[in-house]
Each structure stands twice: as structure tokens, then as C-alpha cells.
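Taking it in order: structure first as C-alpha cells, then the write-up.
The values are calculated or read from the model by the stated rules, or taken from the named source; none is laboratory data. The structure presented is a predicted model; accordingly, all values stated were derived computationally and were not measured. Note that we place each Cβ from the backbone using ideal geometry, even for glycine, and neighbour counts take in every protein chain shown. Accessible surface areas use protein heavy atoms only, side chains included; no ligands, DNA or RNA. Shrake-Rupley method; radii C 1.70, N 1.55, O 1.52, S 1.80 Å.
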Amino acid sequence: MLTRRTLLRSTVLAAAAAPAATAVAAPAPQHGRGGKKRLTNLAHLRFLLAEVPLPEIEGHSTFDAANPVGLAPWTYADRAEDGTFTPVGGGDLDTATGHWSQGAYNADDISRAAIVFLRAHAAFGRAEDLTTARDLLRTQAYLQTDSGEFAGNVVLWQQSDGTLNRSAIPIELPDPSDSDESYWLARTVWAFGEGIAGFADTDPDFTAFLRDRLHLALDALERASLGRYGQWEVADGVPVPGWLIAGGADATGEAVLGLVACLQAFPDDARVAEALARYAEGIEAMASGGVGIWPFGAILPWTGSQSFWHAWGGLAPAALAAASTVTGRGLDAAVGDVGVFTPQLLTSGGPFNAWSPVPGEAQIAYGVQSRVESLLRTADATGGQGLRELAALAAGWFFGANPAGEQVYDPATGVTVDGIETDGRINRNSGAESTIHALLTMIALDQDKKLARTAQSLTATPEYRGMQWLPAEEAQLGGGAQVVTPESAWTGESNWRGAYVLAEAGGTVRFELGEEALAAVAAGGATAHPVFHRLAEDAGTATWTAISARGRRTELGTLELGGVGERGVTEWDGVLKPVRLEVPLPARTVALEVVSEGRLELDEVMLLPTVTLAVFPVDKGAHVTLLLASAEAEVRVRRGGSGTVYRADGTTAGPINRGRRTLKPGRFVVAQG
């Protein structure tokens, strides 16, 4: 399961000029009360907005039919060399019709743009933002099929002349796009729910309309995922809930945020409350791993894989934290994701878009905002200040704490880049999704000036001392072990890092530790986590050994190479992910060796230091340092520095000033100095 749209568009599409003007001047900064500058600047998002006709047709209508015009943001915006932008649609443009093979606008971005303006109005009180949100929600309602077999579902794409494109090219599932539940239906629930909360006090007629449409969406969901409530499926031997929207905790999490918002305005809506409780229960069941065990407490986004996490759409922990105030459950899973996994992510290179299972792919605003909102929502539920500290570090991505070391959101214009590649290359296009999620972050920062100041001070690429990855194809092979290059890196549920090593019975693989790995082991210890394809059926075992410079051998453990169990809903037999060896590496380890007694398909080895850290440079040579313990360890801060030890829920465990302090597993430190 990958993102619906291409994340990094490297070139402008040929003949792709949209019937809209390019931006020729940078808008002035927006100001808050008292004349202070705000980080939130809606100018670029407003530039992307266009009026769209909403003619009443069979199956599609909206509020205030006498006004058959709504608003929608263009999907993409390509940047020219002079810094101006041209809005473009998705796919290829037919110049004769003005239609795109996908569409000019899409339901995903219309719904989320509405949420931006709703939250901006709630934060800053500008009437024009509420008016804009209203017209976006009217367009979103028009995309919802209001009658017939597919009533309640949502058409994804719309052309600039208002024409609905139910079947895009290339094909996207479901096809037609309103023939079943979908990510865009989940985001419609999110937007309608926040719209209900936003208009409840000022516009009862529009609020009633949105409630009717939210209930219509629930009709569609009850024909699909909600109708399967209580049914469990299997993913490589692991029970997974069969009632998540489109099989995703990610999509379901966004819907839950809308259901929570609706209940805040109408707490007696029993139907919404029941849907909320059932969906939250399903999301909670997707929590996986824990302290020192991949994926480190993250809520997996997709029932179809036990070895794949993605940053985009990562609002499941935010949803659980928000829902916990209603359901009384799920907060522990949210804490595990934001308080254990997120520090691991932030000390392992930042919010890479996918861990599949190795961290990789570009970093995008959607992934960053998902971390920030999840941290803040969970902090609100636990009262943990440490989670707000983590949110500031995550939000620093927009101001330079990223692989490029550059500010990628401009408060003077509201422009956000479309992504940063792993090598630091920036895609300087600025489409709707990136703009939307940057603005959701900025609205949150503008509500907490301390958090905003910290985030803005993080203007350079952090220094990471985290996981080490040892590729198997670069190791020394013996006993007939051989390098195999798969036809595709994507297995249907995970990615091979590259080639892998096949070691049948008697085959050996030896890894010599490089400088960074040696330093990590010597500094405070580490555990080894082989990344291998564990097969469904019995496949023998493999025994792992650590070797010192003097040849001393320490057995680390024996792993089963098979026995995962039933494949179930996954697309591939077996699972490719790290498995921890229980015995930590001795301090003088210089090499690792494995002997296969079966069929070992080995991708690489992850070395996880006992303490991982990221050092965030700030002004005048100072730093903010984040440390996370995967096992009990002694830590200390820089001379003259000070910090705080936090539990996973963000509550304070104590100060750390000078000298050493024992850090318990799963706790993290934020230190300044």
C-alpha cells in the first residue's frame, strides 16, 4: 500500500498549464492580535483555490442549491525558476476538453483544506476563513453520492468545469471511486465532523445538513467496514481487525477525528458514538512491537502487512488519544506510538515516509504534521509535557531540521515544498497536500508560543547516532551462501533493501562491523536484529554469534526461519522484518556470524544501540539533544547542559543536570546545552 499520488514530481508535466494564473508576488505576512506575526499564512492555499461549478445532477447535490458554485484547491502547483507557481491537476491534460486523466481537484484535498480553514477560524476568529470552509464543505458534499446503490460514498476526482470523474486513469481502487468505502470517504467524515463542530454555534441549518451527510457516510460504512465489526482476519499469523476502513488504521484514524469532533458538539448522537468506539477498538489492535522491538510501538497503518509503516496518514495515535476521552480506552496504544516509536523515529533520521521495514523514502509535510498532531493530542490526554517537547522537535523539520538543512515552509508566503529526498534534494513544487499539512502544523504552533519558538530555532540538519544497517550482500559468504537479486524490491507488503543472501543448511554469513557500528557497541551496547524473510512453513533455524577481536565467540541466539503461520490477507507468504536477538552484543564485538540450518533469506542486520540520540543545532553553538533508551543505560548531558527525563506518556521522571543518571527502557531525555 503506497500513497495514492506521486509524492515527488520531479518535472513539470508537458502541456500542463491549467486555466489559472501563476502567482507573481509573495503575499504579505499575516498578523495576529496585537500586530504579532503568525506562522500561519493561508495565502498560498487561497491561491490554489478555484471556483468550481456544482450543477445539480442525478445522485449529486449540495447545500444552498441556489448557489451552484463551490471552492476546491488545485491538486498540484509546479514551481518555475522565477519562483512563481502554476496550479495543475492530476494525470495528463487533454487540451481539447480541459480535462485531466484524473482531475483538477480531488476529494482528499478539498476535505483537508476545509479542515485548515475551520481550524484557522477557531484559532484566529477571521470570518472569511469560516466562509471559505463552508464553500469547501459544500463542494465536498457535492462529491458525495446522495442516492442509489453507492449512496454515502464519495467520488474522488472533479474537473475544473465541475464534471465528476468516477474512474480515473491510471485506475485507483475502488473503481469507480464511489463504488465502495475509501480513504476519501474517511476524510469526508473527518471534514464533516470538524465542520459540524465549527458551525454548530453559528449556522444551525448548515450544521443539520452536515450531520445528515455524516450519517449518510455512516450508511456507506455500515454496508462495508462497520458491517464487519467483530470479524477478525489473519496477517502472517497475527490477528488483525477486519472492520477498518479500506483495511487501514490510517484512513480509519482520520475518520475517527471527525467522529470525535461531531460528538463534542452533539454528545448524544448514539450512532456516531457507536461507530467511534468500534473504529477506535480496531485501530488500537494495530499497535505492534514495543521498546527495542520493531516497529517500537507504532500503530501499523495497514492490515495487509506486519512489516510496513508509513508516515503519511499517520494520525491513528491522534485519533486514539482524542477518542479515549469518549471511549475510555486506547490511550496506552497512542502513548506507545508517540512516546516510544516517535523518539526512535526522531533519532533515526527523522520522518522518512516509509519503514518497510528499513526507514527510507522521501520526507513530506503530511508525515511531519501527523507526528506533531499525534504528539499534541496525546499530550492533551496525558498531561505529559515531554510529548510537547517532542512535537517541537518534529515541527522543526519545517524550519531546517531536515535532510536538506533548509527552511521548507515560508511564513511570508505560506508556501511549503512537496518533499525532501533522502539525500537532501528538495522538490520545490508546492501542491495542496503539502500546503494543507504544513498549515495544520502552523495553526498548532501558533497556539503555543513556546513550542513555536523551539521549532523555529531548529534550523540545521540534526546529527543522528541511531540504528546501524549492515547489508547482507556486502558480508562475507561461505558454505554455498549466495546473493540473490529479486525481480522487484516490493514484495506486496514490504521492501527488500536491495539484493539479499540465500543461505541453505550449512551456509554462513559474516558481518564485519564498521567504525560507526563499533563505536555504538563500545559506547553503551547494542542489540542485533536480523532482517530476514521468515517463511510461513517450518524452514529450520539459524544461530547467531558475536566475535571479538581476539576471536572469542558469544552465542546471541537461535532464530526460527519459518512457522509464521497463515498468510491470510497479506499479498506474500511469510514476513520480512527485524527480529531481535535476545543476548546483547558484548562490548568488544567486531563481527557477527550466522550459520544456517535451514533456509535463510537474509536482507540485512539492524544494530540498535542501547541509547539512540539526535543532536539538533540551535543558535550560538547550543544544541537540543534527544536521547531514547531501548534498554537500561547510564546517560549524561553535555557539560553545562541540563535536561529532563520523561516517561513514554510525557510525564516527568526527573531532572538530569550533571553526572550520570540511569535511564530506564522506553524513557527519553530532552536536554539543552
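Give the cross-link partners of K37 among the lysines, using a straight C-alpha distance below 16 Å as the criterion and excluding same-chain residues fewer than 8 apart.
List returned: K449, K450.
When you count, for each residue, the other Cβ atoms within 10 Å and take the mean per peptide, how do 405-414, 202-211 rank with the highest first? Working shown, then result.
On the way: 405-414: 19.2, 202-211: 16.8.
In descending order of packing, they fall as 405-414, 202-211.
For the range 35-95, what are the per-bin percents of Cα-Cα distances with bins 10 Å wide, up to the bin holding the maximum?
Reading upward from the zero bin: 17, 32, 32, 15, 4.
Taking the Cα centre of each part, how many Å lie between the range 617-669 and the range 327-406?
18 Å
Which one of L600, T325, S356 has its Cα pushed farthest toward the positive end of the charge dipole of the chain, where Lys and Arg give +1 and Asp and Glu give -1 at the Cβ?
Value: T325.
Pull out the extension gain between T131 and E632, defined as 0.36 nm times the separation in residues minus the alpha carbon to alpha carbon distance; nm, one decimal.
Working: separation 501, 0.36 × 501 = 180.36 nm, distance 5.39 nm.
Extra length available between T131 and E632 comes to 175.0 nm.
Run the quick spin-label model on R660 and E504: label points 7 Å from Cα toward the beta carbon, then report their separation in nm to one decimal.
5.0 nm
Please report the accessible area of L331 (heavy atoms, 1.4 Å probe, ligands and nucleic acids excluded) in Å², nearest 10.
Approximately 50 Å² for this residue.
For the range 89-151, what is the per residue volume of the convex hull drawn over the alpha-carbon atoms, in cubic angstrom?
Details: hull volume 7.2 nm³, N = 63.
About 115 Å³ per residue, rounded to a whole number.
With every protein chain present, what accessible area does T554 have (1.4 Å probe, heavy atoms only), rounded to the nearest 10 Å²?
T554 has an accessible surface of roughly 40 Å² with all protein chains in place.
Could you order peptides 102-110, 149-157, 420-428 by the average number of other Cβ atoms within 10 Å of their residues, highest first?
102-110, 149-157, 420-428
Sort 364-372, 242-250, 522-530, 565-573 by the packing proxy (mean of other Cβ within 10 Å over each peptide's residues), most packed first.
Values: 364-372: 28.3, 242-250: 24.4, 522-530: 20.9, 565-573: 17.1.
Per-residue Cβ counts within 10 Å, averaged per peptide and sorted highest first, yield 364-372, 242-250, 522-530, 565-573.
What full-extension length gain, to one decimal in nm, is calculated for E81 and Q476 as 0.36 nm per residue of separation minus the Cα-Cα distance?
Working: separation 395, 0.36 × 395 = 142.20 nm, distance 4.82 nm.
Contour length minus the Cα-Cα distance gives 137.4 nm.
Which shape class, rounded, prolate or oblate, goes with the range 521-673 when its Cα gyration tensor gives a ≥ b ≥ c as root eigenvalues, a/c under 1.5 marks rounded, and past that a/b bigger than b/c marks prolate?
Details: a/c = 2.92, a/b = 1.85, b/c = 1.58.
Prolate, because a/c is 1.5 or more and a/b exceeds b/c.
Between A523 and E555, what FRET efficiency follows from the Cβ-Cβ distance if R0 is 22 Å, with the result rounded to 0.05?
Numbers: r = 23 Å, r/R0 = 1.05.
Taking R0 as 22 Å, the efficiency between A523 and E555 is 0.45.
In a shell of Cβ-Cβ distance under 10 Å around S370, excluding S370 itself, what net charge do Lys and Arg (+1) and Asp and Glu (-1) give?
In short, -2.
T651 to E149: extension gain in nm, 0.36 nm per residue of separation minus the Cα-Cα distance?
Contour length minus Cα-Cα distance gives 175.7 nm.
Would you please classify the overall shape of the range 520-593 from the alpha carbon gyration tensor, given that a ≥ b ≥ c denote the square roots of the eigenvalues, rounded means a/c under 1.5, and beyond that prolate means a/b larger than b/c while oblate covers the rest?
It comes out prolate by the Cα gyration axes.
GluC sites (Glu not before Pro) within the range 584-673: which are DSSP loop residues with at most 14 other Cβ atoms inside 10 Å? Walk me through the numbers on the way to the answer.
Details: sites: E593, E597, E601, E604, E632, E634; in loops: E632.
Sparse-neighbourhood loop GluC sites (Glu not before Pro): E632.
Does the range 207-357 come out rounded, prolate or oblate by the C-alpha gyration tensor, with a ≥ b ≥ c the root eigenvalues, rounded set by a/c under 1.5 and, if not, prolate when a/b is larger than b/c and oblate if not? Each step should come with its number before you reach the end.
Values: a/c = 2.13, a/b = 1.62, b/c = 1.31.
Prolate is the answer for the range 207-357, as a/c is 1.5 or above and a/b outweighs b/c.
Under a Cβ-Cβ cut-off of 10 Å, what is the net charge of the residues other than S111 that fall near it, where Lys and Arg count +1 and Asp and Glu count -1?
Working: positive: R112, R187; negative: D108, D109, E194, E254.
Once all neighbours under 10 Å are counted, the net charge is -2.
Over the heavy atoms of R580, what accessible area does a 1.4 Å probe trace out, to the nearest 10 Å²?
70 Å²
Against the longest principal axis of the chain, how steep is helix 270-284, in degrees 0 to 90 to the nearest 10, with axes from Cα atoms?
20 degrees
Quick one: divide the alpha-carbon radius of gyration of the chain by 2.2 N^0.38 Å and tell me what you get.
On the way: Rg = 25.2 Å, N = 673, 2.2 N^0.38 = 26.1 Å.
Output field value: 0.96.
Report relative contact order for the chain in percent, whole number only (criteria: Cα-Cα under 8 Å, sequence separation at least 6).
Values: 1699 pairs, mean separation 79.3, N = 673.
Averaging sequence separation for qualifying contacts and normalising by length gives 12 percent for the chain.
What is the ratio of the Cα radius of gyration of the range 113-190 to 2.2 N^0.38 Å, with N the residue count, to two decimals? Intermediate values should be presented prior to the final figure.
Numbers: Rg = 14.2 Å, N = 78, 2.2 N^0.38 = 11.5 Å.
The value comes to 1.23.
What net charge is computed for the residues neighbouring Q476, neighbours being all others with C-beta under 15 Å from the C-beta of Q476, Lys and Arg scored +1, Asp and Glu -1?
Details: positive: R510; negative: E473, E474, E512, E593, E604.
Spelling it out: positives minus negatives among the neighbours equals -4.
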